[in-house]
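The values are calculated or read from the model by the stated rules, or taken from the named source; none is laboratory data. Remember, it's a predicted structure, so these values are computed and weren't measured experimentally. As a convention, Cβ positions derive from the backbone with ideal geometry for all residues, glycine included, and neighbour counts pool all protein chains shown. The protein model used for the area step is the full one, side chains on, heavy atoms only, and it has no ligands, DNA or RNA in it. Shrake-Rupley method; radii C 1.70, N 1.55, O 1.52, S 1.80 Å.
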Amino acid sequence: MIQVERLSKDYGPVMAVENVSFKVSQGEIVGFLGRNGAGKSTTLRILTTYLPATSGIARVAGYDVMTQAMEVRQNIGYLPENVPMYPEMRVEEYLDYRAKLKGVERSIRPTRVAEAMERCRVREVRRRLVGTLSRGYRQRVGLADTLTHNPPIIIMDEPTSGLDPLQIDETLQTIKALSEHHTIMFSTHILSEVEKVCSRVIVIHKGKVLADGKLGELIGEDAHLIAVEVKAPADQVSAALKAIDGVDKVTSAGSEDGWHSFEVRFHEKHDPREAIFQKVAKSGWVLRRLDLRKRKLDEYFTNLVRKADGEL
């Protein structure tokens with residue numbers, strides 16, 4: 001549905017996007033991750049034909065974004081970070097007007113507008129002026145706007161920006177529900193949102209793609225972690241933990257007041273916590289923490305970016 005090859009965009013001496021390549025298949029919901037200024041918005045604006053690329057190829061729904069802009073727009077719904085609206089229009093009137101601009105036939109326009117309002121939960125404010133709505137409702141109206149022409153692809157730039165926690169949760173639920181019938185790509189720098197709704201992520205940093213793959217594969221869902229805190233010499237504890245059967249890797253996670261923290265990674269089916277406890281007890285050390293947990297996306301993302309910056 002979306003195909004990007006060696007896409008680049010520069011603003012004079014500043015390279016905003018550099019040789020970016022990726023594909024998004026039909027039915028996927030993909031999180032486009034990166035820090036502020038990483039190149040997320042620039043890439044999405046190119047894909048939605050709002051911004052020309054300096055070089056490279058980008059196709060959306062089979063159409064070239066440079067030479068077939070109108071065809072691309074007919075096949076996408078685009079929700080920018082700041083949704084431009086007419087504040088003096090009522091919600092239903094605004095959505096009907098937007099559907100008309102998108103070429104939705106008059107006979108089916110009321111049905112499409114009604115369906116979009118229902119799916120985005122704005123039906124109860126359909127008679128209110130857009131200018132009187134809260135930020136959360138305005139965002140939902142903007143999302144309803146992307147659905148009025150029933151596009152196969154929906155592209156969103158920071159769809160939860162400025163929303164409160166409840167509004168964020170409602171928006172994410174809506175996005176997840178839309179993925180049943182649409183291919184969705186959205187940018188964000190809030191990693192917990194991606195874990196809730198995405199099965200695949202693309203990480204961009206300083207205009208370049210650092211990672212692209214299924215969420216579970218990237219963060220290593222099969223790689224369990226054990227958090228250990230011990231009061232003992234750090235080098236001795238590390239060596240003892242590494243010697244335990246099934247332990248793949250031991251990483252120091254800091255120290256405070258004589259307590260040393262470690263992350264123990266293992267891929268074996270058996271749980272090595274009992275062996276860790278026995279080793280610590282036999283050595284006469286004091287154990288304060290022994291927790292089994294899974295790696296989170298924020299850990300993966302932080303390590304990936306720091307490594308790219310040469311900090312690891």
Margin query: Run the reach check for K9 against lysines, Cα to Cα strictly under 20 Å, same-chain hits fewer than 8 apart removed. What comes back?
Written below: K23, K40, K206, K208
Margin query: I'd like to know which of L133, V209, G162 lies farthest towards the positive end of the charge dipole of the chain, counting +1 on Cβ of Lys and Arg and -1 on Cβ of Asp and Glu.
Written below: L133
Note to self: What are the extents of the Cα atoms of the stretch 7-64 along their three principal axes, in Å, largest first?
What the structure shows: 37, 26, 18
Notebook entry, point to check: In percent, how large is the relative contact order of the chain, given Cα pairs closer than 8 Å and 6 or more residues apart?
Noted result: 18 percent
Notebook entry, point to check: Straight-line reach from K176: which aspartates and glutamates have a Cα under 18 Å away, not including same-chain ones fewer than 8 places off?
Noted result: E28, E115, E118, D145, D157, E158, E193, E195
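If you take every DSSP beta bridge fully contained in the chain, what fraction is antiparallel? Give it as a percent rounded to 5.
Details: 44 of 62 bridges.
Within the chain, antiparallel bridges account for around 70 percent of the total.
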Next item on the list: Identify, among V72, F22, A53, the residue whose Cα sits farthest towards the positive end of the charge dipole of the stretch 1-88, taking +1 on the Cβ of Lys and Arg and -1 on the Cβ of Asp and Glu, with the dipole about the Cα centre.
Entry: F22
Item checked: Approximate shape of the stretch 1-138 as ellipsoid semi-axes (Cα gyration tensor, √5λ), whole Å, largest first -> 32, 18, 14
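Express the carbon and sulfur contribution to the solvent-accessible surface of the chain as a percent, rounded to the nearest whole number, probe 1.4 angstrom.
Numbers: 7330 of 15760 Å².
It is 47 percent, rounded to a whole number.
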Checklist line | Accessible solvent surface per residue of the chain, calculated while the other protein chains remain in place, 1.4 angstrom probe, Å² | finding: 51 Å²
Next item on the list: Report the charge-dipole magnitude of the stretch 180-309 in Debye, nearest 20, computed about the Cα centre from +1 at each Lys and Arg Cβ and -1 at each Asp and Glu Cβ.
Entry: 180 debye
Item checked: Within straight-line cross-link reach of K279, lysines at Cα separation under 18 Å, skipping those fewer than 8 residues along the same chain -> K231, K242, K249
Notebook entry, point to check: How much accessible surface does Y50 have with a 1.4 Å probe, in Å² rounded to 10?
Noted result: 140 Å²
Check: For the chain, taking Cα atoms only, what is the radius of gyration to one decimal and the Dmax to the nearest whole Å?
Finding: 24.2, 80
Next item on the list: With both partners inside the stretch 219-312, how many of the DSSP beta bridges are antiparallel, as a percent to the nearest 5?
Entry: 100 percent
Checklist line | Whole-Å distance, taken between Cα centres, linking the stretch 36-76 and the stretch 157-226 | finding: 20 Å
Item checked: Summed residue charge, Cβ within 10 Å of V4's Cβ, Lys/Arg positive, Asp/Glu negative -> +2
Next item on the list: Choose one answer from Q167, Q74, Q236: the residue with the largest mean-square fluctuation in a GNM of the chain with alpha-carbon springs under 10 Å.
Entry: Q236
Checklist line | Unit charges at the beta carbon, dipole of the chain: most positive-side option, A308, L143, V247 | finding: L143
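Which value, in debye to the nearest 20, gives the size of the charge dipole of the chain about its Cα centre, when Lys and Arg are +1 and Asp and Glu are -1 at the Cβ?
Values: 46 positive and 43 negative charges, 109 e Å.
The calculation lands at about 520 debye.
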Next item on the list: Let me know the volume per residue of the alpha-carbon convex hull for the stretch 186-281, in Å³.
Entry: 144 Å³
Next item on the list: Of all alpha-carbon pairs in the stretch 119-196, indicate the percentage at a distance above 15 angstrom.
Entry: 55 percent
Margin query: Let's test this: bin the Cα-Cα distances of the stretch 114-157 at 10 Å from zero up to the farthest pair and state each bin's percent.
Written below: 28, 56, 16, 0
